[in-house]
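The values are calculated or read from the model by the stated rules, or taken from the named source; none is laboratory data. From a predicted model like this one, the values you see are computed outputs, not experimental measurements. Because the Cβ atoms are built from the backbone with ideal geometry, glycine has one as well, and the counts that use them run over all protein chains shown. Protein only, heavy atoms only, side chains kept; ligands, DNA and RNA dropped before computing areas. Shrake-Rupley method; radii C 1.70, N 1.55, O 1.52, S 1.80 Å.
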Amino acid sequence: MIKKILSLFVYIFFVPIFFLAMFLGIVLSYFTHPRNTYYPLIPLFSRLLMAVSLQKFSVKGSAPPKKEGPFIFMFNHESMYDVFMLGAAIPYYINSVGWEGVFKWPVFGYFAKRYGAYPIPHNNTDKAIEVLNVAKKILIEDGDSMILSPEGQRTLTGRINPFKKGVFHFAKSTNVASIVPVGLIGAFKANRRDSWIINPGKLEIRFGEAITPNEYKELSVEELRDLVQEKVINLLD
């Protein structure tokens with residue numbers, strides 16, 4: 001009962017701030033590209049949303065400088081707090097592909113479209129590959145960095161799920177972005193995928209060393225997948 005009451009208290013503050021961020025993002029997108037307003041708005045709102053959720057946020061290491069990019073930040077997918085942790089710790093515009101279902105959500109779905117993200121299906125491999133091919137524009141033409149979750153979906157157990165090969169096919173086919181392993185700690189405890197309860201605690205994001213295209217171009221997709229998964233797991237220890 002105490003956790004439910006506390007969670008309701010959190011949502012009283014969380015929801016208005018969240019929708020204010022979405023509203024500002026949508027309005028500003030009609031005047032300029034989101035990459036021009038990303039900083040400081042996204043980091044600011046991300047930290048604020050974690051703070052009102054009673055989460056103490058910390059960063060170990062740092063995102064590599066934008067001038068050395070583009071990058072693909074690959075992370076373990078724990079909960080809805082993942083995006084806030086990444087947004088708070090990366091001080092420049094990052095794009096993404098996301099499950100097509102979230103693009104149907106009121107307000108957030110429209111924000112995601114205005115932001116420039118690409119919807120991707122979970123159960124249609126051909127369509128997913130098509131979307132990833134279109135998303136190459138993010139790295140090659142726009143020169144922007146991306147966040148991608150090799151697991152595909154948030155964990156239901158708290159344990160990291162096997163990485164799928166699709167994002168690594170994507171990385172090798174573009175061959176322009178360095179891959180940055182990222183470990184997210186505490187997000188699963190803060191909020192599970194199958195629950196609305198918010199648990200106060202600590203959130204920590206850890207950045208690993210970037211793997212450059214020159215370093216992975218000779219690796220097979222499977223070898224690259226295993227290498228990145230190992231590095232992400234090591235960051236969680």
**OP:** Inspect the stretch 3-17 for any residue being closer than 19 Å to Asp144 by Cβ and either surrounded by 15 or more Cβ atoms within 10 Å (Cβ to Cβ) or free of Cβ contacts under 8 Å to residues at least 12 places away in the same chain (or both) and give the result as yes or no.
**Re:** no
Original post:
Restricting the stretch 74-92 to residues that are in a loop (DSSP other than H, G, I, E, B) and open to solvent by 10 Å² or more (accessible area, probe 1.4 Å), which is nearest to Ile120 (Cα to Cα)?
Top reply: His77
**OP:** Check the stretch 47-66 and report whether any residue there is surrounded by fewer than 21 Cβ atoms within 10 Å (Cβ to Cβ), of a type in the set (Gly, Ala, Ser) and free of Cβ contacts under 8 Å to residues at least 24 places away in the same chain.
**Re:** yes
Original post:
Of everything in the stretch 93-109 that's part of a strand (DSSP E or B) and modelled with pLDDT under 85, which residue is surrounded by the most Cβ atoms within 10 Å (Cβ to Cβ)?
Top reply: Val97
**OP:** Give the stretch 134-150 a look and list any residue that's at pLDDT 90 or above and either under 10 Å from Glu78 (Cα atoms) or open to solvent by less than 30 Å² (accessible area, probe 1.4 Å) (or both), or say none.
**Re:** Leu139, Asp144, Ser145, Met146, Ile147, Leu148, Ser149, Pro150
**OP:** Mind listing whichever residues of the stretch 202-231 are loosely packed, with under 14 Cβ neighbours inside 10 Å, within 20 Å of the chain's Cα centre (by Cα) and either within 20 Å of Leu8 (Cα to Cα) or among the basic types (Lys, Arg) (or both)?
**Re:** Lys202
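Considering only residues that are in a loop (DSSP other than H, G, I, E, B) and out of contact with any Asp or Glu (no Cβ under 9 Å at 6 or more places or on another chain), look in the stretch 155-174 and name the one that is nearest to Glu230 (Cα to Cα).
So, considering only residues that are in a loop (DSSP other than H, G, I, E, B) and out of contact with any Asp or Glu (no Cβ under 9 Å at 6 or more places or on another chain), the one nearest to Glu230 (Cα to Cα) is Arg159.
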Subject >> Matching residues, the stretch 175-196, being assigned to a helix (DSSP H, G or I) and open to solvent by 10 Å² or more (accessible area, probe 1.4 Å) >> reply: Phe188, Lys189
